[in-house]
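A short write-up of the structure that comes next.
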Amino acid sequence: MAPKSPVRRITAALGALDVADGPISRLQAARQLREAAEELEAAQVEAARKAGATWNEIGACYGLTKQGAQQRFRAARNQAKAVTAAPERKKAGPVAAE
């Protein structure tokens, strides 16, 4: 089963936050909301880069310099690269130990 899109997870987290009846359930919903929003943001940064946006332009959206934007999204970029590379490794098959 494929994971839900970040937008659907955000919608679900907002719904959970709306009906939460205690501080811990509200906290859990807020955490889920933050995680999904961060995933959505990272995906949009990657999409903007693939569409030709510069780091200066992305940084301007956040009031950051080019370097600040690169630092802020470095982990997300590396994670996105690892996720896209993982299916390729699966297709290659098992690797024999030497």
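Things to note:
Rundown of residues vs (1) out of contact with any His (no Cβ under 7 Å at 6 or more places or on another chain); (2) free of Cβ contacts under 8 Å to residues at least 12 places away in the same chain; (3) under 29 Å from residue 74 (Cα atoms), yes/no style:
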position: 7; (1), (2), (3): yes, no, yes
position: 21; (1), (2), (3): yes, yes, no
position: 27; (1), (2), (3): yes, yes, yes
position: 36; (1), (2), (3): yes, no, yes
position: 42; (1), (2), (3): yes, no, yes
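- Members of the range 1-30 that are open to solvent by 100 Å² or more (accessible area, probe 1.4 Å) and in contact with a helix residue (DSSP H, G or I) (Cβ under 9 Å, 6 or more places away or on another chain): 3, 4, 8, 18, 19, 26
- Residue tally, condition in contact with a helix residue (DSSP H, G or I) (Cβ under 8 Å, 6 or more places away or on another chain) and closer than 24 Å to residue 10 by Cβ, over the range 37-58: 12
The values are calculated or read from the model by the stated rules, or taken from the named source; none is laboratory data. Just so it is clear, the structure is predicted and the values come from calculations on it, not from any experiment. Cβ: placed from backbone, ideal geometry, glycine included. Neighbour counts: every protein chain shown. Accessible surface areas use protein heavy atoms only, side chains included; no ligands, DNA or RNA. Shrake-Rupley method; radii C 1.70, N 1.55, O 1.52, S 1.80 Å.
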